[in-house]
Amino acid sequence: MADETPPPIPRDLHSEYEDRPFRHCTRCGETLEDDQGGFQISKAYKQGECVMEYALCDHCRVSMMEEFSQESKKRLAEYQDENVDLHRGLQHCSVCGVQRGEKGVDDFVITGICEGINLLHSIMVCGKCGDGIQELISVKTRDTWRRFVDENFPGPPGEGEYPEIEEAPVNPMAVFSPQS
């Protein structure tokens, strides 16, 4: 039996913001397509809208996982072994099996493991199951995640970070000229 070529990365795992496949690692900036170790793409949806997306080369993914606490890694591995079906793909929650797009399934995360232009593996986790998984991780692991988000997804400036606005004198200007 000949080895089958994995399918191409589906549109669901393309960048919403750039309207094309991911090209670079969000963390280190290296080109993904040429990375021999592959890469991970994750996209989070709230109320059906993509609110976060990122791609991590294998080196950065492994590096970040090494920063997670041993306690979190153990709990997550046990949870995966006992509760996660890795064969449901992007359309059904890998934990509870609910279908994406079903009424009430507006919050979810999709993740794909890719190499080159091909999808090797994919999962979806609904918001309800994702909330349960969050309860398994330690404070150290949460801090690692927050640091990743802060370093790679700058939001609006915090308090005191807005530039000073210089006030200029207001010169009244006639907008309409009276007609004689």
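The values are calculated or read from the model by the stated rules, or taken from the named source; none is laboratory data. Computed from a predicted model, the values in this text were never measured in an experiment. Methodologically, a virtual Cβ is constructed for each residue, glycine included, from the backbone with ideal geometry; neighbour enumeration extends over all protein chains shown. Heads up: the accessible areas ignore ligands, DNA and RNA and are worked out on the full protein's heavy atoms, side chains in. Shrake-Rupley method; radii C 1.70, N 1.55, O 1.52, S 1.80 Å.
So which residues in the range 93-103 are closer than 17 Å to Ala44 by Cβ and not polar (S, T, N, Q), if there are any at all?
Answer for the range 93-103, where residues must be closer than 17 Å to Ala44 by Cβ and not polar (S, T, N, Q): Cys93, Val95, Val98, Arg100, Gly101.
Among the residues of the range 140-154, is there at least one that is part of a loop (DSSP other than H, G, I, E, B), without any contact (Cβ under 8 Å) to a residue 40 or more places away in the chain and on the phi < 0 side of the Ramachandran plot?
Yes; the residues of the range 140-154 include at least one that is part of a loop (DSSP other than H, G, I, E, B), without any contact (Cβ under 8 Å) to a residue 40 or more places away in the chain and on the phi < 0 side of the Ramachandran plot.
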Residue hits (the range 59-87; part of a loop (DSSP other than H, G, I, E, B) and in contact with a strand residue (DSSP E or B) (Cβ under 7 Å, 6 or more places away or on another chain)) are Leu86
Subset of the range 5-58, residues open to solvent by 90 Å² or more (accessible area, probe 1.4 Å) and not in a strand (DSSP E or B), comes to Thr5, Arg11, Tyr17, Glu18, Asp19, Arg23, Glu30, Glu33, Asp34, Gln36, Gln47
* Quick check, is Glu102 acidic (Asp, Glu), over 19 Å from the mean Cα position of the chain (by Cα) and surrounded by fewer than 16 Cβ atoms within 10 Å (Cβ to Cβ)? -> yes
| query | Scanning for something touching a Cys at 6+ places or on another chain (Cβ under 6 Å) and assigned to a helix (DSSP H, G or I), does the range 114-129 turn up at least one residue? | reply | yes
Selection from the range 46-74 of residues small (Gly, Ala, Ser) and farther than 21 Å from Phe108 by Cβ yields Ser63, Ser69, Ser72
Over the range 59-75, the set of residues open to solvent by less than 30 Å² (accessible area, probe 1.4 Å) and over 10 Å from Thr144 (Cβ atoms) is Cys60
